[in-house]
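Novice: Quick one: structure below, then a few questions.
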Amino acid sequence: MTNQSGAACNMLQKQLKELDQICQETMETLNTVAGVERVAKWKARTGALITESLGQKEGQRFAALQPGPSFTNDMVEEFTDLIDYFRTPLADLAKQAAQATPRPTGGN
């Protein structure tokens, strides 16, 4: 179980980095339509990985996340809100997985 928790934590950290990379590339190009499409693909992949690593319940919970409508008329702001909408629960899952992973003894 320790290896599984560690692997789940690593996978979640990797997915967070991928999300940050999508955000960074989208902000550089300002092509928010392509960014939203990439986030949708990322979300599907991430949901499957969460199901594999943490179980069906957590995977379904992540897959069920649907951002509400946005009325800002600012495509960049709407995109960054979308990124934050998925980053927060994923970061929370990563924290939970990290707490479930026992620390190696004798390190400090």
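Novice: Please verify whether residue 26 is among the hydroxyl-bearing types (Ser, Thr, Tyr) and assigned to a helix (DSSP H, G or I), treating the condition exactly as stated.
Specialist: yes
Novice: Looking only at residues that are among the small types (Gly, Ala, Ser) and touching a Ser or Thr at 6+ places or on another chain (Cβ under 8 Å) in the range 31-62, which one is modelled with the lowest pLDDT?
Specialist: 59
The values are calculated or read from the model by the stated rules, or taken from the named source; none is laboratory data. Source: prediction; values computed, not measured. All Cβ positions, even for glycine, are placed from backbone atoms using ideal geometry, and neighbour counts span all protein chains on display.
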